[in-house]
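Below is one structure, written out as structure tokens; comments come after it.
Please treat every number below as a calculation from the coordinates, not as lab data. In this text, all values refer to a predicted model and were calculated from it rather than measured experimentally. Note that each Cβ is placed from the backbone with ideal geometry, even for glycine, and that neighbours are counted across all protein chains shown.
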Amino acid sequence: MGFVSCKFVAVLLLLFLLLFCFDFGVAVDIITSSQFIKDPEAIVSASNIFKLGFFSPVNSTNRYVGIWYNAMPTVNLVWVANRNKPLNDSSGVLKIFQDGNLVVLNGQQEILWSSNVLAGVKDSRAQLTDEGNLVLLGKNNGNVLWESFQQLCNTLLPNMRLSANARTGESTVLTSWISPSDPSVGRFSVSMDPLRIPEVFVWNYKSPYWRSGPWNGQIFIGIPEMKSVYLDGFNLAKTADGAVSLSFTYVNQPTSNFVLRSDGSLIERSWKVENQDWLYIWNRPETECDIYGKCGAFGSCNAMNSPICSCLRGFAPKNPDEWNKGNWTSGCVRRTPLECTETQNIREVNPADGFLKLEMIKVPDFSEWSSPNSELECRNECLSNCSCIAYSYYKGIGCMLWTRSLIDIQKFSVGGADLYLRLAYSELDKKKSVKIVISITVIFGTIAFSTCAFLSWRWMVKHGERKRKSKEISLSKSEEPCRPPSDGNMIRNSGGKVKLQELPAVFSLQELENATNSFEISNKLGEGGFGPVYRGKLPDGQEIAVKRLSRASQQGLEEFMNEVSVISKLQHRNLVKLLAYCVEGEEKMLVYEYMPNKSLDAFLFDSAKHELLDWKKRFNIIEGVCRGLLYLHRDSRLRIIHRDLKASNILLDQELNAKISDFGMARSFGGSEDQAKTTRVVGTYGYMAPEYAMEGRFSEKSDVYSFGVLLLEIISGRRNSSFYDNEKDLSFLGFVCPSNSVPL
């Protein structure tokens, strides 16, 4: 009897607990009219992957309803309901309203957010799925009335869809937060364009900020990192009514997602359980060249060059003064008009235009798809249309034509597509004429040389002995006094000569080829105006960096000679050490100590790596740059003005110690000199002192100015050139010292 009583009491307690749970709105993954959640309660999905509840962003007391990953140590938001109408206190409630909609109410029972289903259904219920989708379901048939996957915030989860419908105008887009502390709709958005070849765009309000390049059926060809890892993940669907949608699914990486940050950067990341942290796979824009239209119409951007912008062949800057100052937005204009006209009679008289092939290119915006099934047919179609100024044929896309100004062209080191640019026949003909002239010159030169050699041989046979005596007399009286000593240990160029024997060691070309695996592309660290830099390893295991002068770079030769003359005389712990050199035939190379952490900008402006630079490390880097600069200006035998001090020229060793590099533009002063003037202004705009950029006058103050800009970048973590489209802060100076602040 006592046992039965205990069992009865246990059943009553269980029923009481169930009633208690229903009264207070606590459920596993369901919200109904009688089951709701109050702040700070939450529900979790069936497999405990996602959680739905109330939260406050960092540095904020406002309360919001959101969805985040349940198992992560910090709140990583993927969706926010009342993002534009926060709660001011903890009186919020998420529940099913009388009309069947899911709503967020404050303490005064005011609706701050609603699922806003027009045809409301009573007794509906909401469920949080393991995909992170909050769905509103009808009671009887279980139809989906509304889902959070249709109302995106700043995060794209697996099976979410970016979509756009040209006929109805409906779309689902990602929208950024205003700031990490405010999830309100920011100024950046991500969407698809249904009217053209499918591309993903990041918009700054209504202006394009970045684009992915066209979709080829597997990847977006404007993102070189998109390779085989993505092939089973992305799905782009198009319907007959003009709708297009993009989604992704990674079977082995369920916690991967894409996030649009408040600064406009679109990142892909994946959660690593073993590290309990995010792994950042790629982000855009990553360099200045990723920013839409950086070099204007008919301009090409290459992040490996300095300056990064150049006009396409056959074009010249529209505004040379602005272009030379680093403002490239006005773009370029054609030097020679196209000869193609719509009048058939004239086309019979004038020869056709031709095409110039540009390789590994992010093709420009405003491409038009055409039906030709081969590159030759695509070329002929463009050639037959006088409005067509370029074409490209890419497998998976087909024929792309351009009839408008070519905008947002970027040169890649890998990937991309071939772009064929239309040029006037006269320009192409000039190139052919030059080749013909060169060929004729070579032929006649060879004949003349052979004739002279034959006549000289006949003459030398006849007058050999007298010639030898004459040569001996000539050498003894003429040549010996004119021969400069030790020229074999010098390199000459237009600026003079440099003693190579002052360098510490000499390597042969074969030794450096062995060290770099014949300059294998995978060992390439970067490239500048002088040429490429390769990573290598000597037989003793020492790692080196080999700077190889490009044969086609005249500027690189000057930088090479200048660097030899300057850095061979400098020894300091905060300057990159020159280990050796190689001069063999036409090859000229410098060998430096290898910096495993590369340059400062690779850490400072990288969304993942910048967190490794805490304030102590940043201060040590600043101190190291100061010490190196002080040595150049005060303690070295010659006073050295670097003239190109910037984040990419500050290299970091294993312990993140700073070392100043790239002395190709440096100038040395004597003891009594304190400034100089030049007509050739070199360096990087944004870091240049005003008197140097405008008048060519440079001194120690020029480096100090550049160091000041670098110092602000280290402290703020922002590029000095990243404010050109910021409406609030028109410049880096405006960001650092707002107009309403008190001057120091």
- Item | Computed log₁₀ I(q)/I(0) - Debye formula, equal Cα scatterers, no solvent, the stretch 159-286, q 0.09, 0.16, 0.23 Å⁻¹ | -0.26, -0.85, -1.57
- For Arg404 and Val251 in one chain, what is 0.36 nm times their gap in residues minus the Cα-Cα distance, to one decimal in nm? 50.9 nm
- If the chain between Arg573 and Asp123 were fully stretched, how many nm would it gain, using 0.36 nm times the residue separation less the Cα-Cα distance? 154.6 nm
- Between Asp606 and Asn84, how many nm apart are label points set 7 Å from Cα along the C-beta direction? 3.8 nm
- In nm, the gap between the two label points placed 7 Å beyond Cα toward Cβ at Lys238 and Asp653 is 5.7 nm
- Which pairs break 25 Å Cα to Cα here: Lys325/Lys609; Lys325/Lys411; Lys362/Lys395; Lys38/Lys122; Lys524/Lys646; Lys318/Lys524? Lys325/Lys609; Lys318/Lys524
- Query: If you count, for each residue, the other Cβ atoms within 10 Å and average over each peptide, how do 304-310, 141-147 line up from highest to lowest?
  - Reply: 304-310, 141-147
- Message: Taking the square root of 5 times each eigenvalue of the Cα gyration tensor, what semi-axes in Å does the equivalent ellipsoid of the stretch 19-150 have, largest first?
- Response: 21, 17, 14
- Task: Starting from the Cα of Ser371, step 7 Å along the direction of its Cβ; do the same at Glu274; then give the gap between the two resulting points in nm.
- Result: 5.4 nm
- Task: Between beta-carbons, use under 12 Å as the cut-off and find the net charge around Asp601, counting Lys and Arg +1, Asp and Glu -1.
- Result: +1
- Query: Which net charge results for the neighbourhood of Asn514, defined as the other residues with beta-carbon distances under 12 angstrom from its beta-carbon, given Lys and Arg at +1 and Asp and Glu at -1?
  - Reply: -2
